[in-house]
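Participant: The following block contains the structure, expressed as structure tokens.
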There are 2 protein chains.
Amino acid sequence: MTQYRAAGVDIAAATRAKELMTAAVRSTHGPAVLAGMGAFGGCFDAALALAGMQAPVLVSSTDGVGTKTLVAAALGRYDTVGQDLVNHAINDILVQGARPLFFLDYIAVAKLDPVQVAAIVGGVAAGCRAAGCALIGGETAEMPDVYAPGAFDLAGTIVGVVERDAMLPRADVAPGDAILALPSTGLHTNGYSLARRIVAHHFAAEGYHARPAILGGQTIGEALLAIHRCYLPEVTALRAAAPVKALCHITGGGIYDNLPRVLPAGMGAAIVRGRWDIPPICQLLVEVGGLSEQEAYHALNMGLGMLVIVPVEAVATALATAPEARLVGHVTATPAVRLVDEGE
Amino acid sequence: MTQYRAAGVDIAAATRAKELMTAAVRSTHGPAVLAGMGAFGGCFDAALALAGMQAPVLVSSTDGVGTKTLVAAALGRYDTVGQDLVNHAINDILVQGARPLFFLDYIAVAKLDPVQVAAIVGGVAAGCRAAGCALIGGETAEMPDVYAPGAFDLAGTIVGVVERDAMLPRADVAPGDAILALPSTGLHTNGYSLARRIVAHHFAAEGYHARPAILGGQTIGEALLAIHRCYLPEVTALRAAAPVKALCHITGGGIYDNLPRVLPAGMGAAIVRGRWDIPPICQLLVEVGGLSEQEAYHALNMGLGMLVIVPVEAVATALATAPEARLVGHVTATPAVRLVDEGE
């Protein structure tokens, strides 16, 4: 049995939550998950999972989904944030070149509602299952005096693996290399504090239930809860087809803060306006919130979910391999990430 | 560089927190931590760390420190809960037979205070350093509408490793096997909701600053913040000297809920009253709070921090190896964990 303990006061509710989520958790287990080995920690067969690798490097990341949980709670929709959490984590280790092995989640609530917790964990399990990642543990904590009433927090830890010589970013990223973008589904898991303020101020009456025309029939709440896209399939295909030099997951801080993390010192990037589609929810927040371009591209991904750096000669192959990708810019010999006009 | 990102609104405060904690985090890094490999995920050299192992199994656990954070916040003492977090996690994977490899933490706050966060991470790093565990990542999230003002949450994930044939519990645990106890330092990380209620009700005037005689000069707050003991040194020595069949870390649910998790189906345990010292803070809570024995041993560890199951013939060697250990009981052929009188 894998570790699935619940801390807190209401042990009966915790037990019920555990029953509801057991089947979902088990559905993520492949042959590397050692069942029946005790309940204090999840057990994963490294000998099996790393078999045949020459120099395996474990890549691990912990993250949360931020205040997207508050939007979910306001809408009473608990089955999507778990997928956001897993997909965000997978994208983060993809940037190092790694593929996912296993995941553990942490859910903290003011008051334990078994159905709600089971829906959250069901989403975590769905995200894991889709990516071939085992959900081997987790913790659900009930802490009434720590959390605001009705609020919850959701964080998780992923462990993946990569051959040492396949790690990214590669050292040969160079000025002139092409930057492709894989599209985002919306805000993913960043910018929700800003988005919530804008919605509260400009849509005071209907709030998340408003349906501005730009969203094409969706409510603001639905658009904000769009699931963080997992780029594992596209990135796997791209790396098989083209010499990918670097990947960049656009999270908090946007292109300005994230691109420099994968570029060699002294280099920057030029991103050409108009080369890709900006998600309607991002357009809405920019227009209604009166955000400057600088503010928008710092707080939001603006449709640039995952950037892929390849040599110019590999662009055609990459675009054929990932039809949703767009050529959005190139690496520059000077630092700073700049938005430029076509032909600039 | 390992992953140490901060989510939330106050990027300047987050940057300052990051600077303050960098040295502490680096002090935990051995040769298996791959530095300079990008900032999205912590990288750990599995080829190096697992070299020479026949059938390595990764054991992983996620947990928090519960509302011990509220006691820490009330006393303005932020340097100990990180050690609680790490030691708890190490003890949990010890129960599977594993030794720690690396750790990632998750800190969530209503408002980011760089000095406070650096103190928390400093504690996490101190716990890791003492156990030879690398702190390779973490996340600090600022979420003003999720957390109660002044409150914070602290969770973490550990990854350890064990040879498959050295995993615990062993299948040969049998009625009559001896149960030894390694002492706890106090509540460790469980029972704080109960303890806070008792303190609020019975020490309303002085609260955590009260100094009841039984605590021998300590305040209640000091006794409650006593650091969760890490049993890695004793357990390593015991496993080298004696055929340890099972370990049991006494956490939420006490001996009643935790012992059955490591015993074969149908077996139970008899624990003999008076065979070990009950920490003064546990005695105080039982007396002042009017807890029944059943309540006390369900909510608190009552001094039984880690239980060690060995064959009777290994008891003398085990006690000589771990002088603080006490022979507290034995495995029974019937289910249920019972407290019994000497000679019963």
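The values are calculated or read from the model by the stated rules, or taken from the named source; none is laboratory data. Source: prediction; values computed, not measured. Because the Cβ atoms are built from the backbone with ideal geometry, glycine has one as well, and the counts that use them run over all protein chains shown. These area figures cover heavy atoms from the full protein model, side chains too; ligands, DNA and RNA do not enter into them. Shrake-Rupley method; radii C 1.70, N 1.55, O 1.52, S 1.80 Å.
Participant: Relative contact order (percent) for the range B:178-340, with alpha-carbon contacts under 8 angstrom and 6 or more residues of separation? Numbers along the way, then the final one.
Facilitator: Numbers: 298 pairs, mean separation 70.0, N = 163.
Rounded, it is 43 percent for the range B:178-340.
Participant: If you count the DSSP beta bridges with both ends in chain B, what percent of them are antiparallel, to the nearest 5?
Facilitator: If we restrict to bridges inside chain B, about 70 percent are antiparallel.
Participant: Further question: Among bridges DSSP assigns within the protein assembly as shown, what percent are antiparallel (round to 5)?
Facilitator: Numbers: 85 of 119 bridges.
Rounded to the nearest five, the antiparallel share is 70 percent.
Participant: Right, here's the next one. With Rg and the Kirkwood Rh both taken from Cα atoms, where does Rg over Rh land for the protein assembly as shown? List each step's numbers first, then the result.
Facilitator: Details: Rg = 25.6 Å, Rh = 25.9 Å.
That ratio equals 0.99.
Participant: Output, in nm with one decimal and in ascending order, the distances from the B:A240 label point to the matching label points of the other copies (7 Å from Cα along Cα-to-Cβ).
Facilitator: B:A240 label point versus its equivalents elsewhere: 4.8 nm.
Participant: Mind listing the phi-derived Karplus ³J(HN,Hα) values for the range B:309-323, rounded to whole Hz, using 6.51, -1.76 and 1.60 with θ = phi - 60°, and x for any glycine or proline?
Facilitator: 9, 9, x, 3, 5, 9, 4, 4, 4, 4, 5, 6, 6, 10, x
Participant: Using the Kirkwood formula on the Cα atoms of the range B:175-257, what hydrodynamic radius do you get, in angstrom to one decimal? Provide the component values of the computation, followed by the final result.
Facilitator: Numbers: mean 1/r = 0.0655 Å⁻¹.
15.3 Å is the Kirkwood radius here.
Participant: Taking the rotation that carries B onto A, look along its axis and tell me which residue of B has the beta carbon nearest to it, distance in whole angstrom.
Facilitator: B:T157, 2
Participant: Would you mind working out the magnitude of the charge dipole of the protein assembly as shown relative to its Cα centre, with +1 at each Lys and Arg C-beta and -1 at each Asp and Glu C-beta, to the nearest 20 Debye?
Facilitator: On the way: 44 positive and 60 negative charges, 75 e Å.
Around 360 debye, computed over the protein assembly as shown.
Participant: Percent of accessible area on the range A:178-340 owned by carbon and sulfur, 1.4 Å probe? List each step's numbers first, then the result.
Facilitator: On the way: 3550 of 6200 Å².
Answer for the range A:178-340: carbon and sulfur cover 57 percent of the accessible area.
Participant: Pick out the long, greasy-scoring helices in chain A: whole DSSP H runs spanning 18 Å or more along their own axis by Cα, mean Kyte-Doolittle at least -0.5. Walk me through the numbers before you get to the answer.
Facilitator: Numbers: long enough: A:11-26 (22 Å, 0.46); A:81-94 (20 Å, 0.41); A:114-131 (26 Å, 1.32).
Taking the DSSP H segments of chain A (at least 18 Å long, mean hydropathy at least -0.5), we get A:11-26, A:81-94, A:114-131.
Participant: To two decimal places, what compactness ratio does the range B:3-166 give when its Cα radius of gyration is scaled by 2.2 N^0.38 Å?
Facilitator: Values: Rg = 15.9 Å, N = 164, 2.2 N^0.38 = 15.3 Å.
Here the Cα radius of gyration is 1.04 times the empirical estimate.
Participant: Taking Cα pairs under 8 Å and at least six residues apart, what relative contact order does chain A come out at, in percent?
Facilitator: Numbers: 762 pairs, mean separation 73.6, N = 344.
This gives 21 percent for chain A.
Participant: For chain A, which cysteines have no second Cys with its Cβ under 4.7 Å from theirs?
Facilitator: When partners are defined as cysteine Cβ atoms under 4.7 Å apart, chain A leaves A:C43, A:C230, A:C248, A:C282 without one.
Participant: Right, here's the next one. With the crude spin-label approximation of a point 7 Å out along Cα→Cβ, what separation in nm comes out for A:E313 versus A:S27?
Facilitator: Each label point is offset 7 Å from its Cα along the Cβ direction, giving 4.7 nm.
Participant: Suppose only helical runs count, i.e. DSSP H with n ≥ 4. What mean residue ellipticity at 222 nm does that imply for chain A under -39500 (n - 2.57) per run, divided by all residues and rounded to the nearest 500 deg cm²/dmol? Show your work: numbers first, answer last.
Facilitator: Numbers: 12 runs with 115 residues, N = 344.
Counting only the DSSP helices, I get -9500 deg cm²/dmol.
Participant: Could you give the distance between the Cα centres of the range B:110-137 and the range B:14-86, to the whole Å?
Facilitator: Rounded to whole Å, the Cα centres lie 7 Å apart.
Participant: Treat each spin label as a single point 7 Å out from the Cα along the C-beta direction, and report the A:E206 to B:A204 distance in nm.
Facilitator: According to this spin-label approximation, the distance is 5.1 nm.
Participant: Relative to the other copies, what are the label-point distances for B:A200, with labels 7 Å from Cα along the C-beta vector, expressed in nm at one decimal and sorted shortest first?
Facilitator: Result for B:A200, in nm, nearest copy first: 2.5.
Participant: Percent relative contact order of the range A:14-83, based on C-alpha pairs within less than 8 angstrom and at least six residues apart? Don't jump to the answer; show the numbers that get you there.
Facilitator: Values: 21 pairs, mean separation 10.9, N = 70.
Relative contact order of the range A:14-83: 16 percent.
Participant: Can you work out the FRET efficiency for the pair A:A174 and A:E324, with r the C-beta to C-beta distance and R0 = 30 Å, to the nearest 0.05?
Facilitator: On the way: r = 26 Å, r/R0 = 0.85.
The computed FRET efficiency comes out at 0.70.
Participant: Distance from a point 7 Å along Cα→Cβ of B:I214 to each backbone N in the range B:263-297: keep the residues under 18 Å and list them by number.
Facilitator: Residues B:273-297 fall inside that zone.
Participant: Now a separate question. Normalise the Cα radius of gyration of chain A by 2.2 N^0.38 Å (N = residues in it) and let me know the number. Don't skip to the end; give the middle numbers.
Facilitator: On the way: Rg = 20.8 Å, N = 344, 2.2 N^0.38 = 20.2 Å.
Compared with the compact-globule rule of thumb, chain A sits at 1.03.
Participant: A further question on this structure: Straight-line reach from A:K18: which lysines have Cα under 19 Å away, leaving out those fewer than 8 places along the same chain?
Facilitator: A:K111
Participant: For a Förster distance of 51 Å, can you work out the FRET efficiency between the beta-carbons of B:A336 and A:E163, rounded to the nearest 0.05? Can you show the working numbers first?
Facilitator: Values: r = 51 Å, r/R0 = 0.99.
Between B:A336 and A:E163 the formula returns 0.50.
Participant: Next up: Describe numerically, in nm with one decimal, the distance between label points set 7 Å from Cα along Cα→Cβ at B:V115 and at A:L20.
Facilitator: Simple spin-label model gives 4.4 nm for this pair.
Participant: Would you kindly work out, in nm and rounded to one decimal, the distances from the label point of A:T334 to those of the same position in each other copy, ordered shortest first, with label points 7 Å along Cα-to-Cβ?
Facilitator: Between copies, matching label points for A:T334 lie 8.4 nm apart.
Participant: Please report, in whole Å, how far the alpha carbons of the range B:178-340 spread along each principal axis, starting with the longest.
Facilitator: So the three principal-axis extents are 52, 31, 22 Å.
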